[in-house]
Amino acid sequence: MKKYLILIALSLGLAAKAQQFEINTDLRARFENRNGYGTLKPDTEKAASFISQRTRILFDYSFKNIKLRVSPQNVKTWGDVITTSKTDANNAFHEAYGEIKMNEKFSFKLGRQEINYDDARIFGNVDWTMQGRSHDAFILKFNPNVKNQLHLGLALNANKETNFYENYTVAQYKSFQYLWYHTDFKKINLSVLALNNGMPYLDGSEEKIDYSQTLGSRLVFKNESWNIDGAAYLQTGKLADNTVNANYLSANVGYKFSTNFNTTLGFERLSGKDQNDTSPNVKSFNPLYGTNHKFNGYMDYFYVGNHINSVGLNDVYVTFGYEKNKLSAKLTPHYFASAAAIYKASEKQDNYLGTELDFTVAYKMYDYVTIDAGFSQMFASTSMEVLKTGNKNAGNNWAFLSVKINPNLFAYKAELKP
């Protein structure tokens, strides 16, 4: 197989005279045992165990001022099709885009692509999930110098090609527009994001689109020992004809004690809505297209396909990290509390939701092979039972073991000839 790939690449190189062509892989398999993952386990349920897998190939091509990427992938759970199956429905293109450099300062990128900014709180590729996240979008980039970047992003979605207007039935945004600006100083960098997010809704049988705005910034300070960052966002506008008024605040202070040991103390607050608040207004912050598994505990009780338009969250955590040679480990306890009031019947509950302990370890066997493992335990409160249902004393833990293999299969570069 590799011989044929080499022949193809050489043929392209001779035809174009100057180009680069690479083939990379991303193959990962992950065993999970879910015993109260994402929500408290009911007494009537048993733990689930399974192995999921991603197989992704990345074809990267560049020639003068053009870059192309095509990235097909297959996502599956072991055993989801019979061993003699002729088809597999879980095939897709994770990315398929082209990027054109117009001059030294301007370029644009269009097609299916990952969108990642800053700490991935609002826009992230969700790489933890096997399928990841990518958008059909157009991005205009302006880089006046090495310290400044300005991106304009646009997306417009439809079900299919039609001659007349058709309601959009895919469960996601209809359109968005955003501006992202980033600048670097000596030890400080600053990012600013303004996102206009258009969500469709039905008024009777007529589709309408409401736009909400997410506005905010993130500031980061780094030196040899300290790593300090903070972010603040506001959300306003309308959603399904209801007014949006929500906010987000975070801060992290990290210190590196030595080459091997580091720690970070952090805090996040995502606004929420009191459960006895009968107004239709939206007061709960939505992290939208972020990599939410990265935040608020690895058991994904919050904002990973859940907890939207709920009571919000206060998350106080500390991370203890260790790295040496090919081994790294982290221990992170989280203290969770609701940002808004929880009620059972008419009785107000304690805001404390629970404490989660996350322990992960990673070993880099080779440059292209990494083994990860982790265990998480949720110590939930009665308020978590009210919010999530289930039994706070049912164990409620999660464990995983993952193998990632990502070698470079082929790389070819042909130089210009005079």
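How about segment 204-213: which of its residues are out of contact with any Leu (no Cβ under 8 Å at 6 or more places or on another chain), in a strand (DSSP E or B) and over 11 Å from ASN167 (Cβ atoms)?
Passing the criteria: only TYR211.
Check whether at least one residue in segment 293-310 is over 25 Å from ILE342 (Cα atoms) and open to solvent by 20 Å² or more (accessible area, probe 1.4 Å), and report yes or no.
Taking segment 293-310 as the starting set, the residues that turn out to be over 25 Å from ILE342 (Cα atoms) are 294.
Remaining after also requiring open to solvent by 20 Å² or more (accessible area, probe 1.4 Å): 294.
Checked against the condition, which is being over 25 Å from ILE342 (Cα atoms) and open to solvent by 20 Å² or more (accessible area, probe 1.4 Å), segment 293-310 yields at least one hit.
Considering only residues of segment 57-82 that are part of a loop (DSSP other than H, G, I, E, B) and within 30 Å of MET102 (Cβ to Cβ), which is least open to solvent (accessible area, probe 1.4 Å)? Working first, answer last.
The initial filter retains those residues of segment 57-82 that are part of a loop (DSSP other than H, G, I, E, B), namely 64-65, 78-82.
Restricting the remaining residues to those that are within 30 Å of MET102 (Cβ to Cβ) gives 64-65.
Working: LYS64: 162, ASN65: 73 Å².
Per the criteria, the residue is ASN65.
I'm checking my understanding of the structure. Among residues of segment 359-413 that are within 14 Å of ARG28 (Cα to Cα) and among the aromatic types (Phe, Trp, Tyr), which one is most open to solvent (accessible area, probe 1.4 Å)?
The qualifying residue most open to solvent (accessible area, probe 1.4 Å) is TYR368.
Between a first residue in segment 354-381 that is basic (Lys, Arg) and a second residue that is assigned to a strand (DSSP E or B) and open to solvent by 20 Å² or more (accessible area, probe 1.4 Å), which pairs have beta carbons less than 7 Å apart while being 6 or more apart in sequence or on different chains?
LYS364/THR370
I'm trying to understand the selection: among the residues of segment 338-371, which are modelled with pLDDT under 95 and touching a Phe, Trp or Tyr at 6+ places or on another chain (Cβ under 7 Å)?
If the condition is that a residue be modelled with pLDDT under 95 and touching a Phe, Trp or Tyr at 6+ places or on another chain (Cβ under 7 Å), then no residue fits.
Is at least one residue of segment 231-251 assigned to a strand (DSSP E or B), of a type in the set (Gly, Ala, Ser) and closer than 20 Å to HIS151 by Cα? Even if it seems obvious, please write down each step before you answer.
Initial filter on segment 231-251 (assigned to a strand (DSSP E or B)): 231-239, 242-244, 246-251.
Retained after the next criterion (residues that are of a type in the set (Gly, Ala, Ser)): 231-232, 237, 246, 250-251.
Checking the rest, the ones that are also closer than 20 Å to HIS151 by Cα come to 231-232.
Yes.
Would you mind finding the one in LYS208, LYS238 that is in contact with a Pro (Cβ under 9 Å, 6 or more places away or on another chain) and of a type outside the set (Phe, Trp, Tyr)? Reasoning before the result, please.
Numbers: LYS238 fails: in contact with a Pro (Cβ under 9 Å, 6 or more places away or on another chain).
Exactly one residue qualifies, and that residue is LYS208.
Pairs, please: C-beta under 9 Å, at least 6 apart or cross-chain, first residue within 28 Å of GLN235 (Cα to Cα) and in a strand (DSSP E or B) and in segment 157-183, second of a type in the set (Val, Ile, Thr) and open to solvent by 50 Å² or more (accessible area, probe 1.4 Å)?
Correct list of pairs: SER175/ILE209; LEU179/VAL192; TRP180/VAL192; TYR181/VAL192; HIS182/VAL192; THR183/VAL192.
What number goes with the only condition from (1) touching a residue at least 40 places away in the same chain (Cβ under 8 Å); (2) under 22 Å from GLY290 (Cα atoms); (3) part of a strand (DSSP E or B); (4) not aliphatic (A, V, I, L, M) that THR263 does not pass?
So the condition that THR263 fails would be (2).
Please state which one of SER250, SER217 is under 19 Å from the mean Cα position of the chain (by Cα) and in contact (Cβ under 8 Å) with a residue 40 or more places away in the chain. Steps first, please.
On the way: SER217 fails: in contact (Cβ under 8 Å) with a residue 40 or more places away in the chain.
Exactly one residue qualifies, and that residue is SER250.
The values are calculated or read from the model by the stated rules, or taken from the named source; none is laboratory data. This structure is a prediction, so every number in the text was calculated from the model and none was measured. With ideal geometry, Cβ positions are generated from the backbone for all residues, glycine too; neighbour counts draw on all protein chains shown. Areas reflect the complete protein model, heavy atoms only, side chains present, ligands, DNA and RNA absent. Shrake-Rupley method; radii C 1.70, N 1.55, O 1.52, S 1.80 Å.
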